[in-house]
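Since every read-out is calculated from the coordinates, none of them should be taken as a lab result. Predicted model only: the values in this text are computed from it and were never measured. Cβ coordinates were reconstructed from backbone atoms using ideal geometry, including for glycine residues, and neighbour counts include every protein chain displayed.
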Amino acid sequence: MDNTFWDRSIFRGISEESKKAIEKLNKKEVTYDSNTMIIREGQEIKYFAIIIEGVLKSTEYTSSGKELNSSYFFAKEQHSSYYFAGDAFPFYLIYGGVKNYFFNVLALKKSRVVWLPVDELKEIIDKDPVFLHNILQFVAKYNCYSKVLLRGVQYRRVVERLSYWLIYMNNSDELIEIPNSQEVLADMLHVNRSSLNQELVQLDKDGIIQFNRKNIRVLDKEYLESLL
């Protein structure tokens, strides 16, 4: 495996023995086209996923079929959120004792994923204290990120959701990277893509932010805070 695989928080500082053991695992690497369903609700959890390229989205639904909650998993290089955005899953389910997925997982964009067998990888993790610490920290950060994102989408207006994301899910004192595309950001915030673009253009025109296709810089944080 190359640096694209190893350069992520869960592998940071783990032993050479752990790395060699992972190299020997019966891994499988799969590339998915955009909008491809890769996991269905009820499916048994047999593998951990490491996202190398693209964006995955997991979605839970109400009994009536309404979208209830979504989580997003990005390739390492595609996010710079102040709050955590996962590049692997479903560690939080496995270590929570869950045996089957209770949501669907979609490749939102063309994605490349390495799948690692759960039982074998858990044995490696359990033998390496640094590895286990990394996983526990990863799960904690992921849960925090998910809670904060869920709170943000409870705002009614698009500009409010956008303002919340800029301030509370990023370091607003630094250049903020748009996660993959405006389309993905709109999906994260549960808003229409054209409506999101209109708000970005207006905030830029009013001197509140500067933005281009890939990045946003907050110029007037106090104004954004006043909207919430």
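Going 7 Å from the Cα of ARG217 in the Cα-to-Cβ direction, what parts of segment 160-191 have a backbone nitrogen less than 14 Å from that spot?
172-177
Figure the gain on full extension for ARG151 and LEU25 (residue separation times 0.36 nm, minus the Cα-Cα span) and round it to one decimal in nm. All intermediate terms of the calculation are to be shown ahead of the outcome.
On the way: separation 126, 0.36 × 126 = 45.36 nm, distance 3.87 nm.
So the extension gain works out to 41.5 nm.
Taking every pair of distinct Cα atoms and averaging 1/r, then inverting, what Kirkwood hydrodynamic radius in Å comes out for the chain? Please report the intermediate quantities before stating the final value.
Values: mean 1/r = 0.0535 Å⁻¹.
The answer is 18.7 Å.
Against the longest principal axis of the chain, how steep is helix 129-152, in degrees 0 to 90 to the nearest 10, with axes from Cα atoms?
Rounded to the nearest ten degrees, it is 30.
How far apart, in nm, are two points set 7 Å out from the Cα along the Cα-to-Cβ line at PHE5 and at TYR95?
2.2 nm
Of the peptides 159-166, 126-133, how do they stack up when ordered by the mean number of other Cβ atoms within 10 Å, highest first?
159-166, 126-133
Report the extension gain between LEU227 and GLU174 in nm, rounded to one decimal, defined as 0.36 nm multiplied by the number of residues separating them, less their alpha carbon distance.
17.0 nm
What is the angle, in °, between the Cα long axis of helix 158-168 and the longest principal axis of the Cα atoms in the chain? Nearest 10 is fine, range 0 to 90.
On a 0 to 90 degree scale, this one is about 60.
Could you order peptides 194-203, 33-42 by the average number of other Cβ atoms within 10 Å of their residues, highest first?
Values: 194-203: 15.9, 33-42: 12.7.
My ranking of the peptides, most packed first, is 194-203, 33-42.
Name the aspartates and glutamates eligible as straight-distance cross-link partners of LYS122: C-alpha to C-alpha under 15 Å, and not fewer than 8 places from it in the same chain.
Candidates past the 8-residue exclusion: GLU17, GLU23.
Normalised by the number of residues in the chain, what is the relative contact order in percent for Cα pairs under 8 Å and 6+ residues apart?
It rounds to 23 percent for the chain.
Once the Cα atoms of helix 193-205 and of the chain are each reduced to a long axis, what angle between those two axes, in degrees from 0 to 90 to the nearest 10, is obtained?
The angle comes out near 50 degrees.
Mind scanning LYS19/LYS147; LYS20/LYS214; LYS57/LYS141 and naming the pairs with a C-alpha gap bigger than 29 Å?
Listed pairs above 29 Å: LYS19/LYS147; LYS20/LYS214.
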